[in-house]
Structure formats: C-alpha cells, structure tokens
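The values are calculated or read from the model by the stated rules, or taken from the named source; none is laboratory data. Computed from a predicted model, the values in this text were never measured in an experiment. Virtual Cβ from ideal backbone geometry, glycine too; neighbours counted across all protein chains shown. Protein only, heavy atoms only, side chains kept; ligands, DNA and RNA dropped before computing areas. Shrake-Rupley method; radii C 1.70, N 1.55, O 1.52, S 1.80 Å.
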Amino acid sequence: MQIWKRISIALAMGVTLLATTGCGTISTLGKLEDGAGSEASRMWDRWVEGDGDIAVATTWEAKVKAGVSAKDVEEILKIVAVERNMRDVGVLPLSKELEARSGKKEKLLTVYSYCSPATARKMVDFSPHMSAYLPCRVSVVEHDDGSLWLYTLNMDMMVKMGRKLPSPLKEEAKAVRDTIWEMMQRASKGEF
C-alpha cells in the first residue's frame, strides 16, 4: 500500500508540475545530470522520513562509534583533508563560545570547514549561487544521550542533481564529494 501511495503522490506532483511549468520543465530536464531523478527521489524520501525537515533531506549524518572521542574525530578529519589535498579553512567551536558567554557547560557543537580553492572557484564560475555552499563543512554534534554525530551537506545534490557539470569540473566536484564522504566515514568509525 505504501508504494502505491508514493507512486500516486509522485504522479500527481509530476502532472501538476508539467501543467504549471510546461515546456520549461521538459527543457530543464534535458540539462540535468544522469541520475538526477533518483537523487531527487532519495531526498524526497528523507524529507518525508524527517517529517518535512528540509535539513534531514539535504544532509548526510553518521553516528560516531562509541569510544571515539571528539578529539579523535578532529584528528581524523585533519588527516583525511591532508591526504586528499583539501584545505582546512577554519573551525567554529560554537559550544565553547556559548560556554564562555554563559559560564555553563554546553553539549559539544563544533563546525569544521574545508575547501578546495581551485574547485570552489570553478563551481562559482559555473553557478554563482554555489558560493552559498562554500566552504564544505562537517559538524560534530553531541546529542542529549552523550553520543556524537557528524553532519554535512549531501554532496550528491551538487554532483548528481543539478545541471550537467563540464569536465574537468565534474571530476573535481566528485573528488570533493568523495573526500567529504571519506571524512565522515573514517571519523565516525575512528579510522586513523
């Protein structure tokens, strides 16, 4: 029953979209990366699973394995960045800032920023709106139960969902995507 409901909703949305936007939609579909529809469908599923929370739909998350410390996570992120030639462009220790302001202990919240300057420039030349996604970030968030989680933007949106990226930008963007994915996976598992 669930699958038929999803199919009905998707068809209704598709018909509505075509009826309201017509030829522009069809023209745009031809300019998208292969697999854009599949990625949009995955995002839609995550949006529904997240009760309409757009941040759930547009991000990746990974729970940090028990015994892996915040310091371990930070070190692994740095190691992967160096291995993959990404620049560490800043750390925003939000929980420390809040503690300094209030004098009270806060749950951990730290944002790490990374960038591949040459790829960033090419992406912004391709679409100035991409500048809003710069730099790439990995956040470490402590939940109420004390567990640590990692969050980052779903980089597949950039590589798979938009207009077709020209070569070599496409390969460079995929390399950045793969680096952020590797950071998340290795840090969450404590793999130095």
Study note, to complete from the structure: Residues in segment 162-192 that are in a helix (DSSP H, G or I), more than 14 Å from the chain's Cα centre (by Cα) and crowded, with 18+ Cβ neighbours inside 10 Å total 3
Check your understanding: Can you name every residue in segment 122-151 that is under 16 Å from LYS189 (Cα atoms) and either among the basic types (Lys, Arg) or open to solvent by less than 30 Å² (accessible area, probe 1.4 Å) (or both)?
Key -> VAL138, SER139, VAL140, SER147, LEU148, LEU150
Point to revise | Residue that is surrounded by the fewest Cβ atoms within 10 Å (Cβ to Cβ), among those in segment 77-97 that are β-branched (Val, Ile, Thr) and within 19 Å of ALA173 (Cβ to Cβ) | key: VAL89
**Study point:** Single residue of segment 38-65 satisfying the filter (in contact with a Ser or Thr (Cβ under 9 Å, 6 or more places away or on another chain) and of a type in the set (A, V, I, L, M)) that is modelled with the lowest pLDDT
**Key:** MET43
Review point. Of the residues that sit in segment 21-37 and are open to solvent by less than 50 Å² (accessible area, probe 1.4 Å) and within 21 Å of LYS170 (Cα to Cα), which one is modelled with the highest pLDDT?
Key: ALA36
Exercise for review: Please verify whether segment 163-181 includes one or more residues that are closer than 20 Å to LEU32 by Cα, in contact with a Ser or Thr (Cβ under 9 Å, 6 or more places away or on another chain) and modelled with pLDDT under 95.
Suggested key: yes
Exercise for review: Within segment 98-110, work out how many residues are closer than 21 Å to LYS63 by Cβ and surrounded by fewer than 16 Cβ atoms within 10 Å (Cβ to Cβ).
Suggested key: 2
Practice item. Go through (1) free of Cβ contacts under 8 Å to residues at least 12 places away in the same chain; (2) hydroxyl-bearing (Ser, Thr, Tyr); (3) closer than 21 Å to VAL111 by Cβ one by one and return the number of the condition SER167 breaks. Key: (3)
